[in-house]
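Heads up, the thing below is written out as structure tokens.
The values are calculated or read from the model by the stated rules, or taken from the named source; none is laboratory data. Quick caveat, the model's predicted, so the values are computed rather than measured. In this analysis, Cβ positions are derived from the backbone assuming ideal geometry, glycine residues included, and neighbour counts consider all displayed protein chains.
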Amino acid sequence: MNREMGSAESERTQPETQTVRSMTIDIRHLRGDCGSAIVEYAIVFLLFMTMIMGTIDFGRALYTYHYLSNVTRDASRWAAVNGSACGGDSSCNGAGYMNNGPVSQSDVQTFITNHTPPGIDTSRLTTTVTWPVSTDSPASCGTTANAPGCTVKVQLRYAFNFISPLVSKAVPATACGSNTANLCLTSISEMIIAH
């Protein structure tokens, strides 16, 4: 009977030993995985933040280009209605949208500066205003640049820098007018002078 009892006890302790042994292996296995979760989180967090910062920079670049496009078009329209004939009548009296006489390059630069929204650094803007003469231009364009029928061309450049350090390091700096920037945004508008 003792023999039977002893074998019954050994049968009971053997499964318990295997359970303890398998729990020890599981605990060791879990102990090794604890640090990997932090590493995985750090990698995913960096990728996520890079995507977020890239999205913010893309939004800023789109906002800036939208501004450049609109203000360049507005400035060329403003220069087109404030041509050399504007000083001959009383329409260029400085009231409302009109200038005090025919427009010059400095007037267009002032117009652009006054119409700059928040978030745009005016020191990074480069404005170029020309009155190009082509072969099909009226003869008066050779003597009076901003005469009716002539063309006014407004070119605006903006030296745009990314705020995300990762993106700004990835995109090399280039010359943009008198500034250097990651991205040189340019907008050109030409109109025929009407007045």
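List of remarks:
- The listed residue being free of Cβ contacts under 8 Å to residues at least 24 places away in the same chain, farther than 28 Å from T55 by Cβ and β-branched (V, I, T), out of T113, T127, T122: T113
- Within region 139-163, the set of residues being assigned to a loop (DSSP other than H, G, I, E, B), within 17 Å of A79 (Cβ to Cβ) and not polar (S, T, N, Q) comprises A145, A147, P148, G149, C150.
- Residues satisfying the stated conditions in region 138-192, i.e. among the β-branched types (V, I, T) and within 24 Å of H66 (Cα to Cα): T151, V152, V154, I163, V167, V171, T174, T180, T186, I188, I192
- Checked against (1) part of a strand (DSSP E or B); (2) over 21 Å from the mean Cα position of the chain (by Cα); (3) surrounded by fewer than 19 Cβ atoms within 10 Å (Cβ to Cβ), D136 passes all but condition (1).
- You will find that of D136, D121, D107, the residue that is of a type in the set (D, E) and at pLDDT 90 or above is D121 and no other.
- Within region 157-172, the only residue that satisfies the criterion of being over 15 Å from A61 (Cα atoms) and in contact with a Ser or Thr (Cβ under 6 Å, 6 or more places away or on another chain) is L166.
- Enumeration of residues in region 133-152 that are under 14 Å from A80 (Cα atoms), of a type outside the set (S, T, Y) and touching a helix residue (DSSP H, G or I) at 6+ places or on another chain (Cβ under 9 Å): A145, N146, A147, P148, G149, C150, V152
- Residues in region 112-132 that are under 15 Å from I192 (Cβ atoms) and either under 19 Å from the mean Cα position of the chain (by Cα) or surrounded by fewer than 14 Cβ atoms within 10 Å (Cβ to Cβ) (or both): T130, P132.
- Within region 155-174, the set of residues being modelled with pLDDT under 85 and not hydroxyl-bearing (S, T, Y) comprises P165, L166, V167, K169, A170, V171, P172, A173.
- Meets criteria (over 21 Å from the mean Cα position of the chain (by Cα) and assigned to a helix (DSSP H, G or I)) for S106: yes
- Residue in region 109-129 that is farther than 20 Å from S69 by Cα and in a loop (DSSP other than H, G, I, E, B) present: no
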